[in-house]
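Here's the structure, in structure tokens; my notes come after.
The values are calculated or read from the model by the stated rules, or taken from the named source; none is laboratory data. Just so it is clear, the structure is predicted and the values come from calculations on it, not from any experiment. Because the Cβ atoms are built from the backbone with ideal geometry, glycine has one as well, and the counts that use them run over all protein chains shown. With ligands, DNA and RNA removed, areas are computed over all heavy atoms of the protein, side chains included. Shrake-Rupley method; radii C 1.70, N 1.55, O 1.52, S 1.80 Å.
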Amino acid sequence: NCTVADPKREVEFAQKTSNLMKISSGLQPKFTRAWIIRGAVANVLAAKEQDQENKNKIILEAKEYLSKALELSPKRQEILIELEKTHLIAEDTKSMEKTAYDCISIDPSRAECYWYLGIAQILMGKEEEGEKNISLSKDKGYNDPPYIELAVAYIRHKNYKDALGVYQILIGLHPKNASY
């Protein structure tokens, strides 16, 4: 939430949160939420990291934290959704797709699972399947999806026409964000 108020300080806030959650998970090692947050914050830091070696290290940490969370709460979809993001950052689309299917198998009504399945499929060149799952995620109530992920997936797959459409959605949602 702090990042929304001051986006330039996202890494700083993530690092502070990481330190606090390290203390929290040490004091309450069976508190699943602490491990989820540690994984989510590691994802933020990994996504912003420029050095590939450091990025890989942070991705491994995120996977460790989320594995611990899954050990404590194996049917909690929130963990799998965060793990899907980890795989996206790591550009491991096969693991991302598998994790999305695992997420859906727990409760097929969870819209975010379909979103990340769609992103993985688009990145893998299965655009038709991916677009169906992106649409299904919206039908299931994913009202504020991270469209930037979809735009990046299209660009990586060199589908500039659909990427343009997604950027037009982003401009409509955030007209003051010049980066779109």
Per-peptide average of other Cβ atoms within 10 Å, ordering 39-49, 109-119 highest first:
109-119, 39-49
Taking only the alpha-carbon atoms of region 4-44, the convex hull volume per residue, in cubic angstrom, is 60 Å³
Taking a 1.4 Å probe, which of 82, 10, 64 shows the most accessible area, and what order do the others take after it?
64, 10, 82
Please get the size of the charge dipole for the chain, origin at its Cα centre, with Cβ charges of +1 on Lys and Arg and -1 on Asp and Glu, quoted in debye to the nearest 20.
400 debye
Rounded to the nearest 10 Å², the accessible area of residue 139 using a 1.4 Å probe with every protein chain kept is 120 Å²
May I ask you to derive the FRET efficiency for residue 15 and residue 71 from their Cβ-Cβ distance with R0 = 25 Å, giving the value to the nearest 0.05?
0.45
Stokes-Einstein D (µm²/s) once Rh is taken as the Kirkwood radius of region 1-143 over alpha-carbon pairs, at 10 °C in 1.306 mPa s:
102 µm²/s
Can you give the FRET efficiency for residue 48 and residue 174, using 1/(1 + (r/R0)^6), R0 = 22 Å, r = Cβ-Cβ distance, to the nearest 0.05?
0.70
Surface accessible to a 1.4 Å probe, per residue, for the residues of the chain, Å²
58 Å²
Stretch gain in nm, segment residue 31-residue 156, where the contour uses 0.36 nm per residue and the Cα spacing is subtracted:
41.3 nm
Mean separation of Cα contacts under 8 Å (6+ apart) over length of the chain, as relative contact order %
12 percent
Tell me the carbon and sulfur percent of the accessible area for the chain, rounded to whole percent, probe radius 1.4 Å.
52 percent
Mind checking which lysines have their C-alpha under 16 Å from residue 94, skipping anything on the same chain fewer than 8 residues away?
63, 85, 126
Using protein chains only and a probe of 1.4 angstrom, how many square angstrom of residue 33 are accessible, to the nearest 10?
80 Å²
For region 55-130, Kirkwood radius (reciprocal of mean inverse C-alpha pair distance, Å)
12.3 Å
Could you put 86, 17 in order of accessible surface area, largest first, with the 1.4 Å probe and the full protein assembly present?
17, 86
For region 1-72, take N as its residue count and report Rg(C-alpha) divided by 2.2 N^0.38 Å.
1.09
